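Asks: One structure coming up, written as structure tokens, with questions to follow.
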Amino acid sequence: MKKTASPQKFITISSLSILLSMLTVIFGAPLLRVLRQAYGPWAFWILGLSVTGAAWLLNAQPLALFIGSVWMTLGAYNEMEQRGLGWWLSGILSVLLGAGAASISIYGAFKVNGINTYAEVQKLVEQFAEKVQQANPAVKLDASILMQQIPSAIVILLILALGVGLIFERRVFSWLNLPRVKIASQLKLLEYRVPEFFIWVAMIAFLLTMVSFGGKAIAILAANIVNVALVLYFFQGLAVLEVFLNSLKVGTFTRVLTYIILVGQLLLILSIVGLIDYWVDFRGRIRRMKIAGADQQ
């Protein structure tokens, strides 16, 4: 069957990406990546603006916030990637643009709903925390801490969306039988590695959460940086895990079970593995052991 980007497929991709973005926020990301690459920037951005605008007009500001910021992040990353910008710089800039779009949307939503002061925002967060605890008494949320973690929560959401989009886009291209053009600057997922300098940023931030050197504001900033660092190193741990599973040539069932256990239940473990990989280089060791084993045979 010939791989073509037909109008019918455009409708399918658009509908599924919007639906998944509405339901899960991040799992529409691979479809958005495919939409941009298969149908070009005009179709991608016009559809994104239309969906975000429609959600806003229907008084669904939270939906407009999530869809708009994720759309901005993925679109910006793709534009920079197409121009040959490195994946790390593209990722930072696109996430910052997405976070900026989210901030503007939050500010606009507050203004529309008559929320103008920090105290009113804090009260809104307290009400949200109370509702979560009523729904699940086992969950204990501190509204003040939750308020402080909002910046990193937005950034983490966008990083997860971008990561999911990059990881699963190839499968979506294959599933929809669409042509996929490889780009020289494209990130090789199994080689994903957080830049070396960031280890010092993460370690200093972690230290500042443990020992107060500059007051509460510095501690809050450090905690947000640590949250983001954990997610970045989670993806590095995920790359290590994938290389390890490939070296063992495990089947689909074992692979899925491993991901359900580690990704679903022990996310922090993968973050720690990714962090330790800076010093240990697990993937290099695995490959050397595989080569040594092949030579012995």
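Asks: Restricting to the range 167-179, what's the tally of residues that are aliphatic (A, V, I, L, M) and within 17 Å of the chain's Cα centre (by Cα)?
Replies: 1
Asks: Now for a different question. Considering the range 242-297 alone, what residues qualify as being at pLDDT below 85, under 22 Å from GLU196 (Cβ atoms) and hydrophobic (A, V, I, L, M, F, W, C)?
Replies: none
Asks: Check off (1) over 25 Å from ALA29 (Cβ atoms); (2) under 17 Å from the mean Cα position of the chain (by Cα) for VAL164 and give me the number that stays unchecked.
Replies: Failing condition for VAL164: (1).
Asks: Can you list residue pairs whose Cβ atoms sit under 6 Å apart, with the first residue in the range 144-162 being without any contact (Cβ under 8 Å) to a residue 40 or more places away in the chain and the second being of a type in the set (Val, Ile, Thr) and open to solvent by less than 40 Å² (accessible area, probe 1.4 Å)? Count only pairs 6 or more apart in sequence or on different chains.
Replies: From the range 144-162, the pairs are LEU146/VAL125; MET147/VAL125.
Asks: May I pose another question? Yes or no: PHE44 in contact with a Leu (Cβ under 6 Å, 6 or more places away or on another chain) and at negative phi?
Replies: When the stated conditions are applied, PHE44 passes them.
Asks: Keeping to the range 18-55, report how many residues are without any contact (Cβ under 8 Å) to a residue 24 or more places away in the chain and aromatic (Phe, Trp, Tyr).
Replies: Of the residues in that region, 1 qualify.
Asks: Working carefully through the options ARG287, ARG283, find the one that is in a helix (DSSP H, G or I), of a type in the set (Lys, Arg) and touching a Lys or Arg at 6+ places or on another chain (Cβ under 9 Å).
Replies: Going through ARG287, ARG283 in turn, just one is in a helix (DSSP H, G or I), of a type in the set (Lys, Arg) and touching a Lys or Arg at 6+ places or on another chain (Cβ under 9 Å): ARG283.
Asks: If you don't mind, there's one more thing I want to ask. Is there any pair with a first residue in the range 203-217 that is modelled with pLDDT under 80 and a second that is surrounded by 10 or more Cβ atoms within 10 Å (Cβ to Cβ) and among the hydrophobic types (A, V, I, L, M, F, W, C) whose Cβ atoms are under 7 Å apart and which are 6 or more apart or on different chains, and what are they?
Replies: Going by the 7 Å Cβ cut-off, the qualifying pairs are SER212/ALA219.
Asks: Moving on. Could you pull out the residue among LEU85, LEU49, LEU89 that is surrounded by fewer than 21 Cβ atoms within 10 Å (Cβ to Cβ), more than 24 Å from LEU20 (Cβ to Cβ), at pLDDT 90 or above and not aromatic (Phe, Trp, Tyr)? Quick ask: steps written out before the conclusion?
Replies: On the way: LEU85 fails: at pLDDT 90 or above; LEU49 fails: more than 24 Å from LEU20 (Cβ to Cβ).
Exactly one residue qualifies, and that residue is LEU89.
Asks: Could you list, in sequence order, all residues of the range 1-32 that are closer than 13 Å to TRP71 by Cβ and open to solvent by 60 Å² or more (accessible area, probe 1.4 Å)?
Replies: Hit for the range 1-32 is MET22, nothing else.
Asks: So, in the range 199-254, exactly how many residues are loosely packed, with under 14 Cβ neighbours inside 10 Å and either charged (D, E, K, R) or closer than 17 Å to GLN149 by Cα (or both)?
Replies: Counting residues in the range 199-254 that are loosely packed, with under 14 Cβ neighbours inside 10 Å and either charged (D, E, K, R) or closer than 17 Å to GLN149 by Cα (or both) gives 5.
Asks: Among the numbered conditions (1) within 23 Å of ILE154 (Cα to Cα); (2) open to solvent by 10 Å² or more (accessible area, probe 1.4 Å), tell me where PRO41 comes up short.
Replies: Just one mismatch for PRO41, condition (1).
Asks: Tell me which helices (runs of 4 or more DSSP H) are completely within the range 133-250 and hold 1 or more residues being within 30 Å of LEU16 (Cα to Cα) and in contact with a Gly (Cβ under 7 Å, 6 or more places away or on another chain), or say none if there are none. So that I can check it myself, show each step before the final result.
Replies: On the way: elements: 143-148, 150-176, 198-210, 215-248.
The helices (runs of 4 or more DSSP H) meeting that bar are 150-176, 215-248.
Asks: Among the residues of the range 262-274, what is the count of those that are open to solvent by 60 Å² or more (accessible area, probe 1.4 Å), of a type outside the set (S, T, N, Q) and part of a helix (DSSP H, G or I)?
Replies: 4
Asks: Sticking with this structure for a sec: Is it the case that some residue within the range 219-228 is more than 20 Å from the chain's Cα centre (by Cα) and at positive phi?
Replies: no
The values are calculated or read from the model by the stated rules, or taken from the named source; none is laboratory data. Fair warning: this is a prediction, and the values are worked out from it, not measured in the lab. Here Cβ is always computed from backbone atoms with ideal geometry, including for glycine, and neighbour counts include all displayed protein chains. What goes into the accessible areas is simple: the full protein's heavy atoms, side chains included, and nothing from ligands, DNA or RNA. Shrake-Rupley method; radii C 1.70, N 1.55, O 1.52, S 1.80 Å.
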